[in-house]
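Worksheet for the structure shown next.
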Amino acid sequence: MAKLINIKPYIDRIANGETSNILLADPISEFIQSSGTSGGQPKLIPMTAENFEKKTLELTLVDPVVKKYFDGLEKGKTMSLFFVKKGSETPSGLTVRTLTSCYFMSDSFKKSAPKICTSPIETILCLDHKQSMYCQLLTGLLQRDHVVSISSIFGSVLARSIKFLEDHWNELCSNIRTGCLSDWITDPGCRNAVSPILTRPNPELADTIEQICGNESWEGIIKKLWPKAKYINSVITGTMSQYISLLDFYGGGIPLVSPSYGSSESTFGINLNPLSNPYDVAYTFLPNMAYFEFLPVDKDGEEKARESNLDGVSSQWSSEMTNANGNVEPVDSANVKLGQYYEVVVTTFAGLYRYRVGDVLKLTGFHNNSLQFQFVERRNTILSIDMDKTSEEDLLKAIGNAKRHLEPLGFVLMTFSSYAETSSIPGRYVLFWELKFKERNRCLKLDAKIMEQCCSIVEESLDFTYKSLREANKIAELEVRVVKHGTFDALMDFYVSKGASINQYKTPSCIKSEEAVKVLNSGVLEKFFSPKTFFLS
């Protein structure tokens, strides 16, 4: 049996001062810090100059693909919502930053940003996220007639930005009307960058924006505020798919484009069909970005990968893969099968060797000889009680079914999360929902019977194992806790305070942190339960 290799100690040694050649040939230029919101603790990912160039190459590949489907993009700008996070240093003096911060602070982005973004680079680099978001929205509104696309890294960031706009549009209009920036914007970079754009009072523009934002419903608000926008550019696959219907509601028919699939560890692929249904996006893998292998995963969720020796010291840092005892071996790109589910394993140019990223993918096709995968779920986002294990994919589908029951009644599910409540016996699954009405000023009054029906729909949508355990009273009735407006903003703030980047933040579909659960519980307005009896159909 091959010797188990755990590369984390090598990374720790380099961070503490040893030379990088104990792990890889090229010198490490800095460390990239993973977000930690979708898979536990943030990790330090080695970055070399060559590897950074490969990651930026992805952007040069995405742009020409998008331009094939949308004309006139070169004649306008992107209304961008980008943010950076303050970096740190290892004991050896190496910089530690998020991948997005690394890119936005690079010379190449600083040179290109004025040509392609409505947000001045100083507003993007502002470390105060509230001031940054305000100024980026303000400059985007001031240049509304030049905006041909809307962009954020993840759908969750765009959703939060719309809520921020809903809370601040009156003040933004006042700034535009008077030609003066609010006094609470104290960051010198922001004030200096906004001044050349907010050059004079513009009451006509302020009136237009006030009329749009003052409507009872914000359906189509993005299209109304930025009428020339041709598409919304944001990752909306995987966990982010919960924001598709919300962004459709706000977008007013503007296509949602999920451009690429990547992570702090590696770039994987790009979307060659930007106009595909957001729920059916497939990413074409880029084989020159890294060496990819794939651990087979059973379709019903019984993971063959769990039987692999990859689990070793740590499921994401272990590198041994052998079939000596009948354990499942990973396959290379030439031996994958259409329709099969896989967990992706990557070996990078920057020292990661057979690293389990934790993403489950489904092979849906080929582009020439390149593989095309749909993102299914994160491996570690699983609700578990007793013998039941409910995957992220199943949870998203179940909540999607319940959401379709609510939408005709005028409700919008802004976002959600879940956790396994095991403090009582039997335990139960708890869903946190942030709901609102399509009409902005309508008071949120929930009918108990309708909400109980939603609970039942979720349960009916889950698999046979869950239903069997529910019928045997080994799992208690499912609970939905409706939280007040802004509760999930507070959850994002909590994770950001723990070191996550707002750019890379992913609302966790399954929460295992007791502190995070307390944040959501602090905003609970009402609780609803499925009927106490449950019978298999």
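The values are calculated or read from the model by the stated rules, or taken from the named source; none is laboratory data. Predicted model, so just to flag it, every value in this text is computed and none were measured. Ideal geometry is used to build each Cβ from the backbone, glycine not excepted, and the neighbour counts take in all protein chains shown. Heads up: the accessible areas ignore ligands, DNA and RNA and are worked out on the full protein's heavy atoms, side chains in. Shrake-Rupley method; radii C 1.70, N 1.55, O 1.52, S 1.80 Å.
When the stretch 168-196 is examined, which residues are found to be loosely packed, with under 15 Cβ neighbours inside 10 Å, on the phi < 0 side of the Ramachandran plot and not hydroxyl-bearing (Ser, Thr, Tyr)? The answer is ASN170, GLU171, CYS180, ASP183, TRP184, PRO188, ASN192, PRO196.
Here are some residues: SER88, SER80, SER106, SER132. Which one is at pLDDT below 95, on the phi < 0 side of the Ramachandran plot, open to solvent by less than 10 Å² (accessible area, probe 1.4 Å) and under 24 Å from the mean Cα position of the chain (by Cα)?
SER80
In the stretch 214-234, the qualifying residues are those that are open to solvent by 70 Å² or more (accessible area, probe 1.4 Å) and part of a loop (DSSP other than H, G, I, E, B), and the one that is nearest to LYS67 (Cα to Cα) is LYS230. Out of the stretch 261-281, which residues are in contact with a helix residue (DSSP H, G or I) (Cβ under 9 Å, 6 or more places away or on another chain), surrounded by fewer than 19 Cβ atoms within 10 Å (Cβ to Cβ) and among the small types (Gly, Ala, Ser)? Correct list: GLY262 only.
Going by what's in this entry, would LYS67 be described as assigned to a helix (DSSP H, G or I) and open to solvent by 50 Å² or more (accessible area, probe 1.4 Å)?
Judged against the criteria, LYS67 is a match.
A single member of SER112, SER92, SER101, SER108 is outside the structural domain of LYS506 (by the TED database) and assigned to a loop (DSSP other than H, G, I, E, B), and it is SER92.
Would you mind stating whether TYR505 is at pLDDT below 90 and not in a helix (DSSP H, G or I)? Step through it out loud before you land on a result.
On the way: at pLDDT below 90: yes; not in a helix (DSSP H, G or I): yes.
Taking the combined requirement at face value, the residue satisfies it.
Residue count for the stretch 359-392, restricted to those that are open to solvent by less than 30 Å² (accessible area, probe 1.4 Å), outside any strand (DSSP E or B) and out of contact with any Cys (no Cβ under 9 Å at 6 or more places or on another chain): 1. Within the stretch 515-537, being out of contact with any strand residue (DSSP E or B) (no Cβ under 9 Å at 6 or more places or on another chain) and either modelled with pLDDT of 90 or more or surrounded by 15 or more Cβ atoms within 10 Å (Cβ to Cβ) (or both) holds for GLU515, LYS518, VAL519, PHE534. Applying a threshold of 6 Å to beta carbon distances and a minimum spacing of six or more residues, or different chains, the list of pairs starting in the stretch 95-107 at a residue that is under 11 Å from SER264 (Cβ atoms) and ending at one that is surrounded by fewer than 18 Cβ atoms within 10 Å (Cβ to Cβ) reads ARG97/GLY87.
A search for C-beta distances below 8 Å between a residue of the stretch 61-85 that is without any contact (Cβ under 8 Å) to a residue 24 or more places away in the chain and any residue that is open to solvent by less than 70 Å² (accessible area, probe 1.4 Å), counting only pairs 6+ apart in sequence or on different chains, returns LYS67/LEU73.
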